[in-house]
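To keep things clear, I will list the structure first and then write my remarks on it.
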Amino acid sequence: GDEPALVRALNLSGWAALEAGDIEIAQRTLGDALIRARVVGDDASLSNVLHSHGEMQRRLGNFAEAREQLEDSLALARTSGWRNQLWWPTWSLAALARQEGRLEDAEQLVTEAEALAPRINRAMRLADCKNERALIAEARGDETAAQQFRHEANALRSEAAARSSADA
């Protein structure tokens, strides 16, 4: 009977399926989460689900649908007041802009994402941004910069792993 909790669980399950490459389950689960999130009416939850659904559409190459959902996710994240939610749609919009060949927009958005990286898992989110910068550099044909950004991303991931091991 706890619809907001069910929306969160469906969103996380759909995200896990997406990360595992099980698109059929991700589509079904995230679709259900999106329907339920719209009914619940909580901006933060709807923002999260729209991000997950938009990211899935981006990965599937459905760029127009991805852009609409990611922009809606970002707008809702802004109104929700949850600053740590702003990173996700901003980063995904950067990746989308790169895929569409809008490299200037991608760089601007990844810079915003770096500034918005949440405190929790900050090193991992910054590593994601460095990796996105590597892909942008690669799209520009600058393999030297791409390698440098990949090196920085790996260093951040190693730092996060070391910190996680020390906390365990």
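Things worth noting here:
- Pairs are defined by a Cβ separation below 7 Å, a sequence spacing of at least 6 or placement on different chains, a first member in segment 121-139 that is closer than 12 Å to TRP88 by Cα and open to solvent by less than 50 Å² (accessible area, probe 1.4 Å), and a second member that is at pLDDT 90 or above and among the β-branched types (Val, Ile, Thr); the pairs so defined are CYS129/VAL110.
- In segment 140-155, the residues that are of a type outside the set (Lys, Arg) and open to solvent by 30 Å² or more (accessible area, probe 1.4 Å): GLY141, ASP142, GLU143, THR144, GLN147, GLN148, PHE149, HIS151, GLU152, ASN154, ALA155
- Failed criterion for PRO118 (all others in (1) in contact with a Lys or Arg (Cβ under 7 Å, 6 or more places away or on another chain); (2) surrounded by fewer than 17 Cβ atoms within 10 Å (Cβ to Cβ); (3) over 20 Å from HIS51 (Cα atoms) hold): (3)
- Qualifying positions in segment 8-33 - touching a helix residue (DSSP H, G or I) at 6+ places or on another chain (Cβ under 9 Å), outside any helix (DSSP H, G or I) and small (Gly, Ala, Ser): ALA20
The values are calculated or read from the model by the stated rules, or taken from the named source; none is laboratory data. It should be emphasised that the depicted structure is a prediction, and the values quoted were computed from it without experimental measurement. Every residue, glycine among them, receives a Cβ derived from its backbone with ideal geometry; neighbour counts consider all protein chains shown. To get the accessible areas, we keep the full protein, side chains included, count just its heavy atoms, and leave off ligands, DNA and RNA. Shrake-Rupley method; radii C 1.70, N 1.55, O 1.52, S 1.80 Å.
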